[in-house]
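The block underneath contains the structure these notes are about, expressed in structure tokens.
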Amino acid sequence: MVSRMQPDTYYLRSFGCQMNDHDSERIAGLLERLGWVRRDLPEEAGLLVYNTCSIREKADSRLAGHLGTAARLKRADPSRRLVVAGCLAQSRREELLSDFPFIDVLVGPQSLHELPRLLEQRRDTDRPVGAFEETTGVFSAALPRARPSGPTAWVQITAGCSNFCSYCIVPYVRGPEASRSTVEIVEEVAHLVEAGVKEVTFLGQNVNAYGKEPGFAGAEGFADLLALACEVPGLERIRFMTSHPKDMSEDLIDLLAASNQLCEHVHLPVQSGSDDILSAMRRGYTREGYLSLVRRLREAVPEVALTTDLIVGFPGETEADFEETLSLVQECAFDGAFTFIYSPRRQTEAARLAGRLDPEVARARMARLVDLVQRIGRQRNEALVGTVVEVLVEKVSRQAAGEVMGRTRTHKPVNFPSSPEPGALVRVELTEATSTSLRGREVPAGASVRS
Ligand code: 5AD
Ligand code: SF4
């Protein structure tokens, strides 16, 4: 007989992308509204929640380790409950249940609002329970939020993705793209600002497709949504991710150039520099199309920082294809890049392609790519040394006493000795650079400020 479950303590671990981090804040919000109290260690909690990611293989293997710990903790106290939420819960539900039969609740990313009901239901049965909608009926953003206090916040603007890039599992797991109501988004931004938030990041798999689905009755498009958000009084900064190169509009580029609130940073995943590979990936743009977009962005917003995602070892990738990626990285002079070795995802088109690479070759290419990305990142950051930039203080440093960490408008982390409260906008002269971060010293008001 399963004991009646009272709200008690929970542990929550999030894997994967920013959207998952956002969803995890909502899972926490739902549980806390019901009276659950968060604990930092799984050993201390009666309810263990893992919000999973299915985008690459690595995420699966990491989860297995955590579920091993969960199994041990459940044996120690059989009244503990285990929830697996998110993308793997949706895409691998049968395997998860057969490999880890001690899971109590499985809940897909479109069904997070069902979690309280599922926990109730599990009280009255000895079997695992689950919910898995294919499409987005309720945005996770509609759920209560438990946000770490701080001056920055995520705001979900779309869910799902309708692009079907050939390697990507997201459209199968998170369903077709759905845009959230413009009014709700702007209201959420206003509430966040009232609560002390200075910077919001609009989140979606492809923010540039906001409002494009048939029958949508909100803002005309993404640039219009941004323009409305810019009018929220007290909002200092707006960021957005992820942009898809094929959908980036002239309106958005113009707004980036004109608006004070829009930050000069665009995360613009290119994936590959080879036309053959881009076409096999079904990305919808060519190398030259991407390069010309980058030229237009730099022309309109000279101080813009560009970051990207790159995949090495896509099926059929030759040495010549890979060198095209290297030369594109050089030409675009990215400020940073997330680099991934291709991993086949079941259901996707690319998983059925011939020409799988020898893992050694893929790893060697990855090492060359990472080396180049770091070299360019360092050069870009070193070029900023000596300039004065605006920094939004995010937190007091945990590593160094008397230091704070903040970000430039271009999203670069800056550490500097100071004591302003998180949320302060300060001017910092940059003094040192690494490939991914900067150091500086605070300067008094008066000097001219660059991004
Ligand atoms: N293998 C490797 N990387 C992938 N990504 C998405 N799917 C795969 C895959 N199957 C990467 C892409 C994407 C980022 C979020 O994850 O670069 O932009
Ligand atoms: Fe995946 Fe492509 Fe959609 Fe990004 S745009 S989530 S890579 S299908």
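Scanning the stretch 311-325 for residues that are in a loop (DSSP other than H, G, I, E, B) and at negative phi, we see that the one that is farthest from the chain's Cα centre (by Cα) is Thr318. Can you tell me how many residues within the stretch 382-403 are assigned to a strand (DSSP E or B), modelled with pLDDT of 95 or more and of a type in the set (A, V, I, L, M)? The qualifying residues number 5.
So that you can scan it fast, the table gives a plain yes or no per residue for (1) among the aliphatic types (A, V, I, L, M); (2) without any contact (Cβ under 8 Å) to a residue 24 or more places away in the chain:
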| site | (1), (2) |
| --- | --- |
| Asn208 | no, no |
| Gly218 | no, no |
| Val232 | yes, no |
| Ile238 | yes, no |
| Ala257 | yes, no |
| Ser274 | no, no |
| Ser279 | no, yes |
| Arg282 | no, no |
| Tyr290 | no, no |
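Look at the stretch 347-366: where a residue is touching a residue at least 24 places away in the same chain (Cβ under 8 Å) and open to solvent by 80 Å² or more (accessible area, probe 1.4 Å) and a partner is assigned to a helix (DSSP H, G or I) and of a type outside the set (Asp, Glu), sitting 6+ places away or on another chain with Cβ atoms under 8 Å, you get Gln347/Ser91; Gln347/Tyr172. Highlighted here are the helices (runs of 4 or more DSSP H) found entirely within the stretch 199-290 that include at least 2 residues which are within 14 Å of ligand 1 (Cβ to nearest atom), within 25 Å of Val170 (Cα to Cα) and at pLDDT 95 or above: 275-280. When Ser162 is tested against (1) part of a helix (DSSP H, G or I); (2) within 12 Å of ligand 2 (Cβ to nearest atom), just one condition goes unmet, and that condition is (1). The residue that is farthest from ligand 1 (Cβ to nearest atom), among those in the stretch 346-381 that are part of a loop (DSSP other than H, G, I, E, B) and not hydrophobic (A, V, I, L, M, F, W, C), is Asp358. For the stretch 31-54, filtering for residues that are surrounded by 20 or more Cβ atoms within 10 Å (Cβ to Cβ) and of a type outside the set (S, T, N, Q) leaves 9.
When the stretch 367-407 is filtered for residues that are touching a residue at least 60 places away in the same chain (Cβ under 8 Å) and among the polar types (S, T, N, Q), the ones remaining, listed by number, are Gln374, Thr387. Asp309 falls short on exactly one of the conditions (1) under 26 Å from Pro413 (Cβ atoms); (2) away from ligand 2 (no atom under 16 Å from the Cβ); (3) touching a Pro at 6+ places or on another chain (Cβ under 8 Å), and that condition is (2).
Screening Val197 against (1) open to solvent by 10 Å² or more (accessible area, probe 1.4 Å); (2) closer than 21 Å to Gln18 by Cα leaves a single unmet condition, (1). Taking first residues from the stretch 102-117 that are free of Cβ contacts under 8 Å to residues at least 40 places away in the same chain and partners that are basic (Lys, Arg), the Cβ contacts under 8 Å between residues at least 6 apart in sequence or on separate chains come to Phe102/Lys74; Asp104/Arg81; Asp104/Arg122; Val105/Arg81; Val105/Arg122; Leu106/Arg93.
The values are calculated or read from the model by the stated rules, or taken from the named source; none is laboratory data. Bear in mind that the values here come from a model prediction, so they are computed numbers and not experimental data. Glycine also receives a Cβ, built like all others from the backbone with ideal geometry; neighbour counts cover every protein chain displayed. Keep in mind that these areas ignore ligands, DNA and RNA; they rest on the heavy atoms of the full protein, side chains included. Shrake-Rupley method; radii C 1.70, N 1.55, O 1.52, S 1.80 Å.
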